[in-house]
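One structure is given below, encoded as structure tokens.
The values are calculated or read from the model by the stated rules, or taken from the named source; none is laboratory data. It should be emphasised that the depicted structure is a prediction, and the values quoted were computed from it without experimental measurement. Please note: Cβ atoms are built from the backbone with ideal geometry, for glycine as well, and neighbour counts cover all protein chains shown. With ligands, DNA and RNA removed, areas are computed over all heavy atoms of the protein, side chains included. Shrake-Rupley method; radii C 1.70, N 1.55, O 1.52, S 1.80 Å.
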Amino acid sequence: MEMHSRLEPRAEYLGFELALAARKLVEQVMLVKPGEHVVLTGDTSSDRRVVDATAHAVAAAGAHPVIVWYETLPGSSMEPPRPVAGAIADADVWIEFAVSYLMHSDAFRAAMKNGCRYTNLTAMDVQMLVATVGRPDFDGVIRLGKALVKLLEEADEVRITSANGTDITGRNGTRPINLRGKPAEKPGETVMLSGQISWNPLEETQNGTLVFDGALWPPDELGLLRSPVRCTVENGVVTAIEGGQDAETFRRWMESWDDPNMFRVAHWSLGFNPGVPAPTGRIVEDERVFGCVELGIGTKGAWIGGEPWVAAAHTDGSVLGPSIYLDGEAIEKDGRYVHPELVRICAELGVAGY
């Protein structure tokens with residue numbers, strides 16, 4: 001995976017800040033209660049300091065932390081070793097740190113069916129947890145997310161453009177707009193790192209050109225993009241992938257699955273975590289670059305709205321500096337929010353430039 005290297009190996013690195021971030025994750029985001037059984041899964045590519053700090057926070061909350069380590073799988077959404085599947089199936093709360101994440105696997109679906117509250121924090125390291133959870137105003141980021149949700153709920157047509165050539169439109173119909181970064185309040189609920197909303201416009205209305213120019217992962221050969229990847233989208237399906245070496249790598253990986261559902265657009269997302277000013281190659285972070293647009297392709301979960309489907313895998317890519325038009329009215333231009341309500345909340349959050 002191509003990423004910025006920033007791993008400081010010292011155990012004490014950002015130690016105080018890490019402890020605070022882990023506590024916020026456990027108490028404010030996952031709402032861990034005394035007596036609950038909390039499973040933390042990490043693979044051999046995970047940052048052990050993050051997992052250990054979160055386990056300590058779980059114990060301090062009066063719950064039972066259970067850490068499960070296993071080998072790094074060849075790809076995301078693959079089925080884990082049986083003992084891992086057994087542990088998450090019986091968890092009250094599951095916090096996933098594995099780089100080769102299990103979300104969208106059968107084991108994941110079984111855990112959700114059993115009422116587990118889950119968050120996907122794939123590739124989370126010390127710097128990321130501090131920057132995206134510990135330092136931002138969690139409630140303030142939720143306010144920004146709710147404002148974006150309201151604007152999208154009131155709109156029919158969404159058009160996204162960018163300087164690199166993105167120009168794609170879709171119609172929302174009655175599809176739900178989901179605030180992904182929120183407290184885990186309900187059994188069987190999946191929540192994500194704060195600073196993202198997701199939805200999927202009516203498939204037959206999604207048409208145009210999508211140019212990933214920030215990050216794209218999987219496959220493992222990518223991550224931070226060295227050259228744009230241009231996708232033609234027709235009726236919600238990617239029908240062509242063009243560009244340089246990165247595009248060729250992506251095209252070969254997509255075709256290798258021999259699965260038509262791999263080319264279906266699964267969700268549109270907006271990223272707005274104040275702690276992420278630029279992509280790093282860690283997809284959970286890169287989906288939340290402040291002001292970015294991110295689209296997922298492949299497996300579509302039931303939570304997104306409309307018909308869910310299963311594909312061989314799922315991939316996510318980001319568009320930097322986008323302009324977003326709702327029924328022709330701009331709410332963001334070249335990566336900067338321009339709608340008055342959004343500008344006001346950004347100023348309250350202390351986001352640079354507002």
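For the chain, relative contact order (Cα pairs under 8 Å, six or more residues apart, normalised by length) works out to 16 percent. Summarised as an ellipsoid, segment 1-160 has semi-axes of 25, 21, 18 Å, derived from the eigenvalues of the Cα gyration tensor scaled by 5 and square-rooted, with the largest first. Here each label is just a point 7 Å from Cα along the line to Cβ, and for Ser227 and Val310 those points are 3.7 nm apart. At a temperature of 25 °C and a viscosity of 0.890 mPa s, determine how fast segment 204-354 diffuses translationally according to Stokes-Einstein, using the Kirkwood radius over alpha-carbon pairs as Rh; express D in µm²/s, rounded to the nearest whole number. The diffusion coefficient I find is 153 µm²/s.
One equal scatterer on each Cα of the chain, no solvent, Debye formula: the resulting log10 I(q)/I(0) at q = 0.09 Å⁻¹ is -0.45. Note on the chain: helix-only mean residue ellipticity at 222 nm, from DSSP H runs of 4+ residues weighted -39500 (n - 2.57) and normalised by residue number, equals -7000 deg cm²/dmol.
Quick one: ranking Glu294, Glu221, Glu341 by accessible area, 1.4 Å probe, largest first, what do you get?
Glu221, Glu341, Glu294
Maximal additional length on extending the Asp220-Ala347 stretch stands at 42.0 nm, based on 0.36 nm per residue less the C-alpha distance. Take the Cβ atoms of Glu27 and Lys113, set R0 to 25 Å, and the FRET efficiency comes out at 0.45.
Taking the accessible area of the chain, probe 1.4 Å, and keeping the other protein chains in place, the carbon and sulfur fraction comes to 52%. Using the 1.4 Å probe convention, the accessible area of segment 127-182 works out to 40 Å² per residue with neighbouring protein chains retained. Accessible surface for segment 195-332, divided over its residues, is 31 Å² per residue with a 1.4 Å probe.
Relative to one another, the C-alpha centroids of segment 131-180 and segment 229-291 are positioned 17 Å apart. Compute the signed sum of charges (Lys and Arg +1, Asp and Glu -1) over the other residues within less than 11 Å, Cβ to Cβ, of Gly173. Charge balance near Gly173 sits at -2.
When you restrict to C-alpha pairs under 8 Å that are six or more residues apart and normalise by the size of segment 120-249, the relative contact order lands at 19 percent.
A compact globular protein would have a Cα radius of gyration near 2.2 N^0.38 Å; the ratio found for segment 88-170 is 1.48. For segment 211-320, applying the loop criterion from DSSP together with a ceiling of 14 other beta carbons within 10 Å to the trypsin sites (Lys or Arg not before Pro) yields Arg226.
Can you flag which of Lys24/Lys150; Lys24/Lys113; Lys24/Lys182; Lys24/Lys146; Lys182/Lys300 are past 24 Å Cα-Cα?
Exceeds cut-off: Lys24/Lys150; Lys24/Lys113.
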